[in-house]
1. Got a sec? Which of Leu141, Leu116, Leu89, Leu85 is touching a Pro at 6+ places or on another chain (Cβ under 7 Å), in the same structural domain as Ala172 (by TED's automatic domain parsing) and either of a type in the set (A, V, I, L, M) or buried (at least 22 other Cβ atoms within 10 Å of the Cβ) (or both)?
2. Across segment 1-42, what is the number of residues that are of a type in the set (Ser, Thr, Tyr), touching a residue at least 40 places away in the same chain (Cβ under 8 Å) and in contact with a helix residue (DSSP H, G or I) (Cβ under 6 Å, 6 or more places away or on another chain)?
3. Going by the structure shown, is Arg216 more than 22 Å from Gly135 (Cβ to Cβ), at pLDDT 95 or above and basic (Lys, Arg)?
4. Looking at segment 244-269, which of its residues are in contact (Cβ under 8 Å) with a residue 60 or more places away in the chain, crowded, with 16+ Cβ neighbours inside 10 Å and over 17 Å from Leu208 (Cα atoms)?
5. Go through (1) surrounded by fewer than 21 Cβ atoms within 10 Å (Cβ to Cβ); (2) at pLDDT 90 or above; (3) within 18 Å of Ala95 (Cβ to Cβ) one by one and return the number of the condition Arg126 breaks.
6. How many residues does segment 211-237 contain that are in contact with a helix residue (DSSP H, G or I) (Cβ under 9 Å, 6 or more places away or on another chain) and loosely packed, with under 12 Cβ neighbours inside 10 Å?
7. Going through Ala168, Ala163, Ala150, Ala176 one at a time, which residue ends up being surrounded by 20 or more Cβ atoms within 10 Å (Cβ to Cβ) and in the same structural domain as Thr107 (by TED's automatic domain parsing)?
8. How many residues does segment 284-297 contain that are free of Cβ contacts under 8 Å to residues at least 12 places away in the same chain and surrounded by 10 or more Cβ atoms within 10 Å (Cβ to Cβ)?
Amino acid sequence: MESSSSLLPNRVAVLGPGLLGGSILLAARARLPGVALAVWSHDPAERAEVQRRALADGVHAELSAAVRDADLVILCTPVGVMAKLAGELAPHLAAGAVVTDVGSVKTPVVRALTPLFLDAATGHSRFVGGHPMAGRELAGLGAARDDLFAHAVCLLTPEADTAPVAVARVGAFWQALGVARVETLAAAEHDETVALVSHLPHLLAAALLETVAGARTDALARSGPGLRDVTRPAAGASELWTEILSLNRTAVTSALRAFSAQLARLRPCLEPGGEPALADFLRDAAARRRELPAPTK
């Protein structure tokens with residue numbers, strides 16, 4: 001088996017230097033100084049910012065130029081455009097190059113991209129679905145951080161025909177960027193999990209704000225840090241989250257049903273005499289809260 005250092009890329013192409021793409025560039029600059037970095041963006045202002053901050057060795061408006069000679073290509077664009085971009089870049093990939101992504105919905109991405117990077121000689125695909133469980137409510141390159149992935153879990157969703165070496169290379173790269181651990185799971189399992197731990201919290205944060213504002217128009221102005229903390233996800237970009245939630249609608253709908261069941265269980269606890277059940281409910285929740293992973297620095 002290859003050593004972890006031998007699995008690391010020599011040249012990485014980041015397609016879309018937003019929050020995650022920009023954080024990959026910053027983390028790679030800090031942790032992998034010998035790796036050459038190329039960037040593609042359709043946005044001239046974004047390309048200019050990457051150049052101004054010297055975040056990459058090459059900044060390109062053409063996909064073919066960005067991915068040429070790269071041995072690892074990372075799609076950091078919205079999920080909805082990944083298939084189109086993948087189809088455009090595939091003919092320009094170097095032999096043996098591995099492709100991955102950072103999208104928070106995996107089933108449609110894996111289904112579309114796995115066959116695009118199939119090696120006819122081996123029968124294996126060089127695409128590995130990926131999702132670092134890290135982010136912020138802020139978007140764009142200006143919000144990127146070199147420690148965004150510290151303590152994070154990175155989820156990989158290889159298929160049965162994904163090349164094992166491709167999975168190893170992508171995992172080694174994320175570990176080099178500082179993630180706490182890399183896990184592999186099926187794309188459908190990923191989408192069900194992320195619906196519960198990421199997509200559902202976003203919807204609940206938005207619904208809570210609408211509930212408070214609808215019940216009392218003056219309540220928001222009187223709120224403290226508790227409401228700000230619990231509704232932080234709702235500050236995310238609405239266009240991006242509309243796409244994410246729509247693409248994962250089946251799993252998110254199932255998560256909403258599970259949450260509704262918890263609300264139904266909670267209502268009787270607030271009736272007279274329900275204090276013991278309420279205490280048990282809150283005690284169990286507090287214990288589960290303590291089981292959550294440590295926060296990103």
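1. Numbers: Leu116 fails: touching a Pro at 6+ places or on another chain (Cβ under 7 Å); Leu89 fails: touching a Pro at 6+ places or on another chain (Cβ under 7 Å); Leu85 fails: touching a Pro at 6+ places or on another chain (Cβ under 7 Å).
Only one candidate passes the filter, namely Leu141.
2. Of the residues in segment 1-42, 1 are of a type in the set (Ser, Thr, Tyr), touching a residue at least 40 places away in the same chain (Cβ under 8 Å) and in contact with a helix residue (DSSP H, G or I) (Cβ under 6 Å, 6 or more places away or on another chain).
3. No.
4. Of the residues in segment 244-269, the ones in contact (Cβ under 8 Å) with a residue 60 or more places away in the chain are 244, 247-248, 251, 254-255, 258.
Still in the list and also crowded, with 16+ Cβ neighbours inside 10 Å: 244, 247-248, 251, 255.
Within segment 244-269, Ile244, Leu247, Asn248, Ala251 qualify.
5. Exception for Arg126: condition (1).
6. Within segment 211-237, residues that are in contact with a helix residue (DSSP H, G or I) (Cβ under 9 Å, 6 or more places away or on another chain) and loosely packed, with under 12 Cβ neighbours inside 10 Å number 1.
7. Details: Ala168 fails: surrounded by 20 or more Cβ atoms within 10 Å (Cβ to Cβ); Ala150 fails: surrounded by 20 or more Cβ atoms within 10 Å (Cβ to Cβ); Ala176 fails: surrounded by 20 or more Cβ atoms within 10 Å (Cβ to Cβ).
Residue meeting the stated conditions: Ala163.
8. The total comes to 2.
The values are calculated or read from the model by the stated rules, or taken from the named source; none is laboratory data. Nothing here was measured: the structure is a model prediction, and the numbers come from that model. Here Cβ is always computed from backbone atoms with ideal geometry, including for glycine, and neighbour counts include all displayed protein chains.
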